[in-house]
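Structure, as structure tokens:
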Amino acid sequence: MLSPGRTPLALFIEGWDEGYTGINGWAIAGGGDGASPDAQDAADAEGLYRLLETEVVPLYFARALEEIRRGWLGVAKNASRTALTRSSAGRMFREYAETLYAPAARDAAAGAGDRSK
């Protein structure tokens, strides 16, 4: 789950697929064929190590002239900006209400009206 102040690195599970924008953290693209849990674990681990080695660690240790980690802070700020808008219980409830509950209520009301005739 996204939360302010964290710089996320995650698989596209547990809500990260909803929150990921490409500039607010990293997504592990493990791939795998889904044939077996062991194969999926190996693909996810390879994706994690590749991402850590080529992007996360270099960005964390990159410093500007003022000894400030501008790239890292940029990712952290973008994560904080998007955390509450993309991965909040309020947003989730509104989305469920609009896409699931309201249509179901309309269908139920229409069905009840048909039965009363």
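The values are calculated or read from the model by the stated rules, or taken from the named source; none is laboratory data. All figures in this text were calculated on a predicted structure; none of them were measured in a lab. Backbone-built Cβ (ideal geometry, glycine too); neighbour counts: all protein chains shown.
Pairs are defined by a Cβ separation below 8 Å, a sequence spacing of at least 6 or placement on different chains, a first member in the stretch 58-79 that is in contact (Cβ under 8 Å) with a residue 60 or more places away in the chain, and a second member that is outside any helix (DSSP H, G or I) and among the polar types (S, T, N, Q); the pairs so defined are Trp72/Thr7; Val75/Thr7; Val75/Asn24; Ala76/Thr7; Ala79/Thr7; Ala79/Asn24.
Looking at Gly15, Gly5, Gly19, Gly32, which one is of a type outside the set (Phe, Trp, Tyr) and modelled with pLDDT of 65 or more?
Just a single option satisfies the conditions, and that option is Gly19.
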